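All remarks here apply to the structure that follows.
The values are calculated or read from the model by the stated rules, or taken from the named source; none is laboratory data. None of the values given here were measured: they were computed from a predicted structure. Every residue, glycine as well, gets a Cβ built from its backbone with ideal geometry; the counts of neighbours run over all protein chains shown. The area values use the complete protein model at the heavy-atom level, side chains included, leaving out ligands, DNA and RNA. Shrake-Rupley method; radii C 1.70, N 1.55, O 1.52, S 1.80 Å.
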Amino acid sequence: MRSAVLSASAAVLLLVSGCAGGAEQDALLREHGLEGASTQEVVEQLDRTHEDRAAGLAGSVTYDEVVLSDGSTETALPMPEDRFYLAVAPWTTTTHECFSHSLSGCQGELVGEDFDVRITDDSGAVLVDETVTSYENGFVGFWLPKDITGTLEIGSERGTAVEQFATSPDSPTCLTTVRLA
């Protein structure tokens with residue numbers, strides 16, 4: 001299977017009120033090997049590994065931004081104008097409540113497992129149709145258009161699930177209600 005919509009344009013770093021910018025932001029990103037990375041690249045790198053958990057870099061994904069913090073410096077990177085990041089943690093036995101996906105804190109149950117995923121919007125357009133492998137944190141992540149509603153279908157040898165989703169400003173970026181049965 002292949003993805004019809006997964007890429008997003010690179011975002012430019014933006015100073016957000018109350019967050020570090022300029023040299024402090026550059027130093028934080030450089031310290032964690034993220035200097036020059038787009039918001040999309042930062043999210044993808046931090047979500048796929050546990051490397052930065054031990055290093056103390058925390059990241060929280062919202063509709064508008066990704067807030068990064070190492071405990072002493074906090075900065076925000078803008079989300080691409082037309083993309084929404086939806087992190088999905090399929091589960092069978094245990095899950096957790098979440099709204100804004102924590103790139104360094106959320107842990108799903110099913111790590112390193114293959115899932116067949118089909119995501120459609122309410123008009124029936126197929127946004128994703130592929131087999132993915134869950135990351136070290138038990139999640140799979142998808143870049144979707146902002147401000148849509150649709151259906152996520154996910155399946156594996158453990159079962160299947162169908163879940164409605166939205167990508168509006170008041171929508172969760174962390175979907176932990178996808179129980180496979």
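A few notes on this one:
- At R0 = 45 Å, FRET efficiency that the Cβ-Cβ distance of residue 179 and residue 72 yields, to 0.05: 0.70
- Counting only protein heavy atoms and a 1.4 Å probe, segment 103-170 has 42 square angstrom of accessible area per residue.
- In a simple Cβ point-charge model (Lys, Arg +1; Asp, Glu -1; nothing else charged), segment 134-178 has a dipole of about 20 debye relative to its Cα centre.
- Residue 111 sits among other residues whose Cβ lies under 12 Å from its own Cβ, and their net charge, with Lys and Arg +1 and Asp and Glu -1, is -3.
- The chain: mean projected area of Cα convex hull, nm²: 9.9
- Charge tally around residue 145: other residues with Cβ under 12 Å, Lys/Arg +1 each, Asp/Glu -1 each, net -3.
- Computed [θ] at 222 nm, deg cm²/dmol, the chain (DSSP H ≥ 4; -39,500 (n - 2.57); rounded to nearest 500): -4000 deg cm²/dmol
- Prolate/oblate/rounded label for segment 85-178 (Cα gyration tensor, a/c 1.5): oblate
- Averaging the sequence gap over all C-alpha pairs within less than 8 Å and six or more residues apart, then dividing by the number of residues, gives the chain a relative contact order of 25 percent.
- Angle in degrees between helix 39-48 and the longest Cα principal axis of the chain, rounded to the nearest 10: 60
- Here segment 28-147 is treated with +1 on each Lys and Arg Cβ and -1 on each Asp and Glu Cβ, and its dipole about the Cα centre works out to around 160 debye.
- Ordering of 82-92, 150-160, 61-71 by burial proxy (mean other Cβ atoms within 10 Å per residue, highest first): 82-92, 61-71, 150-160
- Coil-residue GluC sites (Glu not before Pro) of segment 78-151, DSSP, other Cβ within 10 Å capped at 13: 81, 97
- Accessible surface of the chain [probe 1.4 Å, protein heavy atoms]: carbon and sulfur percent: 48
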